Structure formats: structure tokens, C-alpha cells
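The values are calculated or read from the model by the stated rules, or taken from the named source; none is laboratory data. All values reported here derive from a predicted model rather than from experimental measurement. Cβ: placed from backbone, ideal geometry, glycine included. Neighbour counts: every protein chain shown. Just the protein is used for accessible areas: all its heavy atoms, side chains included, with ligands, DNA and RNA removed. Shrake-Rupley method; radii C 1.70, N 1.55, O 1.52, S 1.80 Å.
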Amino acid sequence: MIITVLTLFPKIFESPFQESIIKKAVEKGLVSFNIVNIRDFANDVHRTCDDTPYGGGPGMVMKIEPIYKAMEYVNANGIRPKHILLTPQGRLLNEETALRLARNPHLSLMCGRYEGVDERVLSFVDEEISIGDYVLSGGEIPALVLIDAIVRHIPGVLGNEASTSDESLKDGLLEYPQYTRPPQFLDMEVPPVLLSGNHEEIRKWRRKESIKKTILKRSDLMEKFVPTEEDHKFIREIMEDIPG
Ligand code: ADE
């Protein structure tokens, strides 16, 4: 998979790509990054990429021409990508979107800056994505968040292929509690079932704890959850255990 990033601040991407899972994914040849500096496509000596907004008002707006030229350059080189604009006006990112986007051979992520980008840029993008209902100073950090969420879904990226499917938000549930050595710390013990070696009991315990955590911490996620027969039994037991 190729991920192109269009940005005015290419250096922001240097260190995150040199660490951990993303670095390994690059080394394994599973993903390659192409960081494009939008400023290289500005057409004046000052390499201007922003200008004052028509109609007045504070701040600067990113100009359309350099962005358009940068996109055309990306389109003309290799597989035509799906163009995504990172913006607080986009659809909220979730795991389902990350999984869907991970199936594209080439994504191009356009990072907006300043007070926004010229609205006409929207005619060249396929999708607008927001990482949350708050405003950051630019789309670079949102692009990194999106990249991290996507790369984990590329087959072969995580050593243990079960890792993505087992963790938080599988079936829309939060992850079950995890423990590692020591079995006792201060007065806190690891739940005995996890030390029992009984895989079926461990599976059931984890499923029930996942549901319990989701009910207690993120009850909003339960609206989309489709329980199995066994899950219904767990839900009844959890409700009986909850005081009041
Ligand atoms: N740019 C600025 N804030 C953003 C957000 N929350 N999500 C995506 N892009 C952004």
C-alpha cells in the first residue's frame, strides 16, 4: 500500500515513521510513504500557499492552485489514489473506516492548515475525515492518527495476525482487561481464570468482561452491538451484578 501525504510541514512526519509498528511495516515493504511538500507547487518566488479570505475575517486560507497541482502530480505518478482531506468538518474516524481505507492500494492525505482550505478543493477530494470534535492547528497530526489506525489493518503488519481482530472495538466492544506478570502486586491479584490454562473458560471470561467494560464505560457503543445468544446470557448476568 502507498500512502501519500500532502503537507506544508513535511518534517512533522519524519520521526513517527521511524518508530515501532509503522517503521516495521515500511521495512517489510507492506507500506510506503510519499511525503509531498505543497509549497513545491506554489508558482511565485515567495512560494505562497495561503492568502487572506474573500469577504474579510481573521486568518489565512490555503490557496487552491498549489494544492491542485500537488494532487495532479500525485495522480500522474503511479496508481491514482483515493484523495482524503483531513478536516474537523469531515466524517468522524472510527475503526470501520480505518479497516475500509486499509483496502486501498493508494491513499493521498491532504493536510489543511491555518483557518482552512479554499472550499473549491472539495471538488478534488473523495472523502473528508475528522479525528474528533476539536480543532487542531492542522491536518498533520490527524493524518498521523489515520495512518496509524490504517497501517495496523494491513495484512502482515502486526506480528500476531490475531492482534488486530482481538483488541478493542472488535464487534464494537472495548477490549477485555489484560494482565501480565506478576500474578500479585500489592493487594491486587490477576483473575484466577487467566492462570487456569482452561482456554474455553478464558474465552468466556474475556467476552463477558468486554461486554461489561463497554456497558460501564462506553454505553453508547452498545447501541450498534449485535449480541449472540451467549452474549445475551452474559448481559443478563452483568445486569444482575450491577448494584441498583
Ligand atoms: N484539522 C484540524 N482539526 C482537525 C480534526 N479534528 N480532524 C481532522 N483534521 C483536522
* For the range 168-241, which whole-number percentage of the solvent-accessible area (1.4 Å probe, protein heavy atoms only) is attributable to carbon and sulfur atoms? -> 54
* Whenever you get a sec, compute what percent of the accessible area on the range 2-151 sits on carbon and sulfur atoms (1.4 Å probe). => 53
* Label-to-label distance, nm, for residues given as Arg47 and Ala76 (7 Å Cα→Cβ offset) -> 2.0
* To do: Counting only DSSP beta bridges with both residues in the chain, tell me the antiparallel percent, nearest 5.
  => 20
* **Highest-MSF residue in the chain out of Met222, Met60, Met110 [GNM, Cα springs under 10 Å]** => Met222
* Asked: So, in Å, what gap is there between the alpha-carbon centers of the range 66-95 and the range 26-60?
  -> 12
* **Approximate spin-label separation Lys28-Ile141, in nm, with each point projected 7 Å along Cα-to-Cβ** => 2.9
* Highest-fluctuation residue, Leu136, Leu146, Leu194 considered, GNM on the chain with Cα pairs under 10 Å -> Leu194
* Asked: Which order do Lys233, Lys224 take by accessible area at a 1.4 Å probe, largest first?
  -> Lys224, Lys233
* Asked: If you rank Met62, Met1, Met188 by how much accessible surface each has, with a 1.4 Å probe, what is the order from largest down?
  -> Met188, Met1, Met62
* Asked: Mind checking which of Gln184, Gln89, Gln18 has the largest fluctuation in a GNM of the chain, springs on alpha carbons under 10 Å?
  -> Gln184
* Asked: FRET efficiency for Gln18 and Glu96, Cβ-Cβ distance as r, R0 = 25 Å, nearest 0.05?
  -> 0.30
* Probe 1.4 Å, protein heavy atoms only - accessible area per residue of the chain in square angstrom -> 60
* Asked: Tell me, what HN-Hα J-couplings in whole Hz come from the Karplus equation 6.51 cos²θ - 1.76 cosθ + 1.60 at θ = phi - 60° for each residue of the range 213-227, using x for Gly and Pro?
  -> 4, 5, 4, 6, 9, 9, 4, 4, 5, 5, 4, 8, 6, 10, x
* Structure fact -> Taking Cα atoms only, helix 140-151 is inclined relative to the longest principal axis of the chain by an angle, in degrees rounded to 10, of 50
